[in-house]
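Remarks on the structure that follows.
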Amino acid sequence: MKGWITGVGARTAFIEPGSPWENGYVESFNGKLRDELLNAEVFNTLAEAKVLIEQWRRHYNTVRPHSSLHYRPPAPEVVLTHLGRPPHGQTAHASAQLLPMRH
């Protein structure tokens, strides 16, 4: 396949496996997924795998600090809380305050 692509003068965006210098973000994520989840768990059923992977994904995106983000999570969860009645003419959603979730 690579020979044909080269022969027709095209280029691909294919990244060779094990080439972290070509896509460091993906290689880093794959390593963390492997080390923190896949090598640490035994999945007995597909349903169990789905639940555990989703739990890890939520933790990775909303709780786990990332050094590239100054040790903040990339997408912290928020909770809408009402601070009394909304001002006249506004909906309850418009007057809600966003607060980070505590785990």
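The values are calculated or read from the model by the stated rules, or taken from the named source; none is laboratory data. Every value quoted in this text rests on a predicted model; they were computed, and no experiment measured them. Cβ: placed from backbone, ideal geometry, glycine included. Neighbour counts: every protein chain shown.
In region 29-49, what residues are polar (S, T, N, Q) and surrounded by 13 or more Cβ atoms within 10 Å (Cβ to Cβ)? Working first, answer last.
Looking only at region 29-49, we keep the residues that are polar (S, T, N, Q), and these are 30, 39, 44-45.
Passing the criteria: only ASN30.
Kindly indicate which of GLU48, GLU16, GLU27, GLU77 is modelled with pLDDT of 85 or more and not basic (Lys, Arg). Testing whether each residue is modelled with pLDDT of 85 or more and not basic (Lys, Arg) leaves just GLU48.
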